[in-house]
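The values are calculated or read from the model by the stated rules, or taken from the named source; none is laboratory data. The shown structure was predicted, so the numbers you read here are calculated from the model rather than taken from an experiment. For neighbour counting, all protein chains shown are included, and Cβ atoms are generated from backbone atoms with ideal geometry for every residue, glycine included. With ligands, DNA and RNA removed, areas are computed over all heavy atoms of the protein, side chains included. Shrake-Rupley method; radii C 1.70, N 1.55, O 1.52, S 1.80 Å.
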Amino acid sequence: MTNVSTSQNATTAPDQRPIALVAWHATEAILRHSQAALAGIDLTQPQWWALNNIVRAKHGLTREEIRALDVPYRMDAEVMAHAADALVHRGWLVAGADGRLTLADQGRAGLATAKDHMARVRAELVGDITEEEYGAAVSVLQRVTDNLA
């Protein structure tokens with residue numbers, strides 16, 4: 001677990017620490033933990049995002065649609081395209097005659113395993129935080145973002 005305190009602000013009261021610093025440390029810790037969990041099943045975060053977006057699309061997605069996905073953490077179109085290509089190569093995605101990528105049986109099984117892993121990641125992330133506390137934290141961070149938009 002990452003301690004969000006740094007030597008320069010260790011004596012600062014929790015309500016006086018810069019929210020950006022705390023949010024940054026939380027983001028890094030969450031990404032590190034989730035990426036490690038996915039790596040444990042030989043999956044990258046962009047592959048995880050590609051699978052989730054493809055399975056939600058009624059008729060799959062084209063490579064161009066995958067490249068256009070609005071994904072977090074400044075992942076670019078090339079990263080998403082490579083993720084989809086890697087999933088095709090390993091047999092998790094198949095391309096139809098129309099070029100739309102859909103999940104193969106192996107991809108469905110892999111996605112189910114990944115969902116189990118990510119459910120554990122969320123449980124570890126939340127720990128003893130109540131749903132109300134979690135909701136409040138997300139709400140506050142969203143309001144900060146909205147205030148600066």
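Before moving on, here are some points about what is shown:
- Rounded to the nearest 10 degrees, the angle from helix 77-89 to the longest Cα principal axis of the chain is 50 degrees.
- Degrees between helix 45-56 axis and first principal axis of the chain (Cα, 0 to 90, nearest 10): 60 degrees
- Under the simplified labelling scheme, the Asp85-Val126 pair shows an inter-label distance of 3.8 nm, with each label point 7 Å from Cα along Cα→Cβ.
- Computed extension length for Val140-Ala95: 12.0 nm, one decimal, from 0.36 nm per residue of separation with the Cα-Cα distance subtracted.
- Global geometry of region 18-59, whether rounded, prolate or oblate, following the gyration tensor of its Cα atoms and the 1.5 cut on a/c: oblate
- Whole-percent carbon and sulfur share, accessible surface of the chain, 1.4 Å: 56 percent
- Max mean-square fluctuation residue, GNM over the chain, Cα-Cα springs under 10 Å, options Ala137, Ala114, Ala29: Ala137
- Crossing angle, helix 19-39 versus the chain [Cα axis fit, 0-90 degrees, rounded to tens]: 40 degrees
- Of the trypsin sites (Lys or Arg not before Pro) found in region 19-64, the ones in coil according to DSSP and having at most 14 other Cβ atoms within 10 Å of their Cβ are Lys58.
- Dimensionless Rg/Rh of region 66-149 - Kirkwood Rh, Rg from C-alpha atoms: 1.11
- Per residue, the chain exposes 66 Å² of accessible surface when a 1.4 Å probe is rolled over the protein heavy atoms with every protein chain present.
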